[in-house]
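Heads up, the thing below is written out as structure tokens.
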Amino acid sequence: MNEPARAPVQAVEVSDVSKRFRLELNRPTSVKEAVLSFGRRDVRHLWALRDVSLTIEKGSFFGLVGHNGSGKSTLLRLMAGIHRPTSGRITARGRVSALLELGSGFHPELTGRENVFLNGAMLGLSRRQMASAMNDIIEFSGVGDQIDAPVKIYSSGMYMRLGFSVAVNVEPEILLVDEVIAVGDEEFQQRCLQHMERLRSGGTTIVLVSHDTALVRDLCDHVGWLDGGHLRSVGDPDEVVDAYLVHATEPT
Amino acid sequence: MAVNHTDPSARPLRLSPAARTGARLVRSFAERETKALYKRNLLGWLWSLLKPLTTVAVYSLVFGVIYRATAPPTANGQAEVFALYLFSGLVVWNVFSTIVNGSMRWMDGVSELRKKIYFPTETALVGGAAATLLQSSLEALVLVLIMAVLVNVSWTVVFLPVAMLLAALFALGLGFAAAIVNARYRDIQHLTTIVLSVGFFMVPIVYTPDIVPDRAYGLPVARIVELNPLNSVIAVARDAVYFLETPDVADLATAAAWAIGTFAVGLAFFRRRSMAISEEP
């Protein structure tokens with residue numbers, strides 16, 4: 001208790017991170033095929049990220065822009081701990097709640113309620129903590145009675161809304177959002193944005209990947225632009241987004 | 001707001017946060033597996049007994065009645081029931097084979113999930129194994145109740161759960177490896193079924209160890225059966241419920257060494273490889 005109260009200023013630190021994926025075309029999927037195709041393997045390596053370094057301040061709203069395949073989602077996955085960097089170091093301080101793609105982290109056979117508990121366990125929360133958050137989660141998601149139905153019967157909108165509802169209601173210290181808000185209807189999008197604002201004012205660090213440059217300009221304090229796995233620039237939202245847009249409309 | 005998020009270090013701490021997360025996940029996966037088995041009908045638990053009891057009945061008919069195999073007498077000497085001799089070995093075997101087979105299924109069940117959210121994947125397999133143990137304890141209970149009716153019970157019965165736990169650890173070690181390899185080569189699950197059906201007859205379940213010939217077809221058959229790691233686990237279980245003897249220390253030590261060793265190696269392999277599997281497209 002004698003420790004000085006010094007909160008780490010950097011919520012996420014990415015230093016010299018590279019990520020290489022191994023792609024094997026026509027990879028044998030059975031022992032039989034492996035034996036038959038012995039010696040004929042077509043392995044390729046894809047560098048999704050190359051020497052990326054950036055820091056994200058605690059409590060800030062960080063945006064990531066770039067073309068499809070530029071490495072934005074890979075970077076987010078690394079921050080979430082889903083993948084490990086091939087080289088370099090990535091540190092995320094605090095509880096990370098990630099919302100990647102549609103319905104991230106749901107087990108199709110389980111009911112919505114069971115999935116909420118499962119997600120909570122994955123985030124390190126007790127059943128009691130999740131139970132006390134349950135009403136808020138159900139209410140925010142708007143899935144109603146369907147909470148006790150298996151999520152595989154959910155519509156894509158319900159799936160996404162419940163996913164978002166869990167991600168934001170577990171009081172994350174770091175929230176990673178990958179282009180998911182676009183899926184919901186106008187009203188839900190507005191609620192999501194309001195909720196993210198609320199979390200941010202409560203000290204949550206938010207990292208948002210989006211193609212909606214207007215939204216990024218509007219929300220973010222800092223923006224990073226990824227291009228072919230390299231971090232082209234990072235800094236003031238207007239400057240970075242302008243540079244990205246100039247580049248995007250340029251014939252290459 | 002929503003979650004009452006207290007600082008974990010402020011709570012009286014018994015487990016590390018990672019261990020507590022792991023334990024919660026194991027519980028979630030075990031519940032899921034148990035529910036999946038018994039959700040569909042109220043008689044689910046009884047149905048789950050039907051399979052092992054049928055196996056006991058069929059093997060007893062073939063080996064006990066048709067081939068006139070005899071079992072050694074039980075502790076109180078009154079019951080020479082081949083079916084019970086068989087059942088006491090089968091309980092342990094069922095734990096083993098269900099977990100080895102299930103591991104690949106439990107891994108598949110969470111592999112999509114693992115691509116979207118980080119969690120220690122091994123918890124899904126441990127959870128499945130825990131559910132299997134729970135289900136098998138019902139079988140064990142039936143066995144012990146039958147023995148009680150025949151007045152053939154003793155405190156040694158406490159070693160039955162020990163044997164089942166060791167069988168589970170041994171099976172999990174193999175299951176970890178099988179799940180990883182099966183994620184890449186899908187026919188491993190079929191291969192496993194074949195290996196298991198051979199394995200069943202390599203352990204003295206439907207026969208007694210003493211009738212195994214030393215050599216047959218140039219193979220040291222007795223030695224093969226004797227060296228089978230499951231042999232000692234089954235011996236422990238039989239001592240516990242059938243012969244009502246304190247299990248042989250050598251059997252216990254061998255079984256524990258195999259179980260813990262295989263579990264540790266399997267887990268280490270699983271942890272090394274499972275990250276790569278979640279990165280596959």
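Test of understanding: among B:G127, B:G175, which residue is within 14 Å of another protein chain (Cβ to nearest Cβ) and either in contact (Cβ under 8 Å) with a residue 24 or more places away in the chain or among the basic types (K, R) (or both)?
On the way: B:G175 fails: within 14 Å of another protein chain (Cβ to nearest Cβ).
Criteria check complete, one pass: B:G127.
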Task: Restricting the stretch A:137-181 to residues that are at pLDDT 90 or above and surrounded by fewer than 16 Cβ atoms within 10 Å (Cβ to Cβ), the residue that is nearest to A:S97 (Cα to Cα) - done: A:E139
Task: the stretch B:240-268 - residue that is crowded, with 19+ Cβ neighbours inside 10 Å and of a type in the set (G, A, S) and, of those, nearest to B:L86 (Cα to Cα) - done: B:A240
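When the residues of the stretch B:236-245 are filtered to those that are out of contact with any Pro (no Cβ under 7 Å at 6 or more places or on another chain) and part of a helix (DSSP H, G or I), which remaining residue is modelled with the highest pLDDT? I'd like the intermediate steps shown before the answer.
Of all residues in the stretch B:236-245, those out of contact with any Pro (no Cβ under 7 Å at 6 or more places or on another chain) come to B:237-238, B:241-245.
Keeping just the survivors that are part of a helix (DSSP H, G or I) gives B:237-238, B:241-243.
Working: B:A237: 94, B:R238: 91, B:V241: 91, B:Y242: 90, B:F243: 89.
The qualifying residue modelled with the highest pLDDT is B:A237.
Looking at the structure I just gave you, is B:L230 in contact with a Gly (Cβ under 8 Å, 6 or more places away or on another chain) and crowded, with 21+ Cβ neighbours inside 10 Å? Full working, then the answer.
Numbers: in contact with a Gly (Cβ under 8 Å, 6 or more places away or on another chain): yes; crowded, with 21+ Cβ neighbours inside 10 Å: yes.
Criteria met by B:L230.
Out of B:L25, B:L50, B:L42, B:L46, report the one residue that is away from every other protein chain (no Cβ under 14 Å) and modelled with pLDDT of 80 or more. It would help to see each step written out before you state the result.
Details: B:L25 fails: away from every other protein chain (no Cβ under 14 Å); B:L42 fails: modelled with pLDDT of 80 or more; B:L46 fails: modelled with pLDDT of 80 or more.
Within the list B:L25, B:L50, B:L42, B:L46, the selection yields B:L50.
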Open item on the list: Considering only the stretch A:83-101, I want to know if a residue exists there that is within 15 Å of A:L162 (Cβ to Cβ) and in a loop (DSSP other than H, G, I, E, B).
Closed with: yes
Task: Top-ranked residue in the stretch A:182-196 [being within 14 Å of another protein chain (Cβ to nearest Cβ) and touching a helix residue (DSSP H, G or I) at 6+ places or on another chain (Cβ under 8 Å); ranked as surrounded by the most Cβ atoms within 10 Å (Cβ to Cβ)] - done: A:M196
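Looking at B:G102, B:G77 in this structure, which one is of a type outside the set (D, E, K, R), away from every other protein chain (no Cβ under 14 Å), surrounded by fewer than 24 Cβ atoms within 10 Å (Cβ to Cβ) and more than 19 Å from B:G266 (Cα to Cα)? Can you show your working first?
On the way: B:G102 fails: more than 19 Å from B:G266 (Cα to Cα).
That would be B:G77, the only listed residue that is of a type outside the set (D, E, K, R), away from every other protein chain (no Cβ under 14 Å), surrounded by fewer than 24 Cβ atoms within 10 Å (Cβ to Cβ) and more than 19 Å from B:G266 (Cα to Cα).
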Open item on the list: I'd like to verify a number: residues in the stretch B:246-260 that are farther than 13 Å from B:L227 by Cα and touching a Pro at 6+ places or on another chain (Cβ under 7 Å), how many?
Closed with: 0
Open item on the list: Out of the residues in the stretch A:64-85 meeting the condition of being in contact with a helix residue (DSSP H, G or I) (Cβ under 6 Å, 6 or more places away or on another chain) and aliphatic (A, V, I, L, M), tell me which one is nearest to A:L245 (Cα to Cα).
Closed with: A:V65
TODO: Please tell me if A:A121 is free of Cβ contacts under 8 Å to residues at least 12 places away in the same chain, at the interface with chain B (Cβ under 9 Å from one of its Cβ atoms), surrounded by 21 or more Cβ atoms within 10 Å (Cβ to Cβ) and closer than 28 Å to B:D108 by Cα.
DONE: yes
Task: Matching residues, the stretch A:86-105, being surrounded by 17 or more Cβ atoms within 10 Å (Cβ to Cβ), closer than 17 Å to B:K115 by Cβ and more than 7 Å from every other protein chain (Cβ to nearest Cβ) - done: A:V96, A:S97, A:L99, A:G103
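So which residues in the stretch B:151-164 are part of a loop (DSSP other than H, G, I, E, B) and exposed (fewer than 15 other Cβ atoms within 10 Å of the Cβ), if there are any at all? Explain how you work it out, then say what you get.
Step one: filter the stretch B:151-164 for residues part of a loop (DSSP other than H, G, I, E, B), giving B:151-154.
Within the stretch B:151-164, B:V151 is the sole residue that qualifies.
The values are calculated or read from the model by the stated rules, or taken from the named source; none is laboratory data. Remember, predicted model here, so these are calculated numbers, not experimental data. Please note: Cβ atoms are built from the backbone with ideal geometry, for glycine as well, and neighbour counts cover all protein chains shown.
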